[in-house]
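For reference, the structure is listed below as structure tokens.
The values are calculated or read from the model by the stated rules, or taken from the named source; none is laboratory data. Predicted model, so just to flag it, every value in this text is computed and none were measured. Cβ placement follows ideal geometry from the backbone for every residue including glycine, while neighbour counts extend to all protein chains displayed.
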Amino acid sequence: ASDRADPDPDGDGAAVVRFLIGGGFFGMMAMLWYVLVLYPTYFGFDPILDIGGVSGTYLFAQVWVFASIVLFYTGYPILRGAYVSLRARQPNMDLLVSLAATSSYAYSTLAMFLGRTDLYFDVTIAVVLVVTAGNHYESRIKRRATGALSDLTTATDREARTESGETVPV
């Protein structure tokens, strides 16, 4: 039994794809604001909006909402896996990823409410989306390998022939 929470117990991947599409949609809406407004300020360019004024507050609130959706919707399987690993007292990858994503989210939320402009919601979004996509890819590969092994075991011969020509069950 795996200690990783499985968002898709049927194994068809539809639930994870739904998580990825939803998170990707809201994540890219947040990243658009980072690319257009925040990243240029890191390189010394003047922002196209007054990020210290009302428009900046509105922008940061939007990014916060989008990052919240990504963390708590797309990241739900990861957060649930972290919770299960804590309850079982067996830390796993989900706990590490959850710690990174929630730490950057909590810091950025606090910084936003304190009026600071050094927000790291992009880290939260990137970590959650990349790990969720990686988990989806890993489960697809495992499913394919398990299917191939099942086919191989059903295709094995049930009888063998000895050197003398006698047929014996295996």
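List of remarks:
- Here the stretch 127-170 is the region considered, the condition is being without any contact (Cβ under 8 Å) to a residue 60 or more places away in the chain and in contact with a helix residue (DSSP H, G or I) (Cβ under 8 Å, 6 or more places away or on another chain), and the residue that is farthest from residue 19 (Cα to Cα) is 127.
- When 37, 16 are checked against the criterion of being assigned to a helix (DSSP H, G or I), in contact with a helix residue (DSSP H, G or I) (Cβ under 8 Å, 6 or more places away or on another chain), surrounded by 13 or more Cβ atoms within 10 Å (Cβ to Cβ) and at pLDDT below 85, 16 stands alone in meeting it.
- Answer from 71, 79, 95, 129 - the residue that is hydrophobic (A, V, I, L, M, F, W, C), crowded, with 17+ Cβ neighbours inside 10 Å and either touching a Phe, Trp or Tyr at 6+ places or on another chain (Cβ under 6 Å) or not in a helix (DSSP H, G or I) (or both): 71
- Of all residues making up the stretch 42-68, the number that are assigned to a helix (DSSP H, G or I) and hydrophobic (A, V, I, L, M, F, W, C): 9
- Search result, residues across the stretch 113-138 that are over 13 Å from the mean Cα position of the chain (by Cα) and within 26 Å of residue 94 (Cβ to Cβ): 119, 120, 121, 122
- Where a residue in the stretch 34-47 is within 18 Å of residue 61 (Cβ to Cβ) and its partner, wherever it lies, is modelled with pLDDT of 90 or more and outside any loop (DSSP other than H, G, I, E, B), with Cβ under 7 Å and at least six apart: 34/122; 37/59
- Sole residue being loosely packed, with under 13 Cβ neighbours inside 10 Å, under 20 Å from residue 60 (Cα atoms), at pLDDT 90 or above and out of contact with any Cys (no Cβ under 8 Å at 6 or more places or on another chain), chosen from 121, 113: 113
- When the stretch 132-158 is limited to residues that are among the acidic types (Asp, Glu) and in a helix (DSSP H, G or I), the one that is nearest to residue 69 (Cα to Cα) turns out to be 138.
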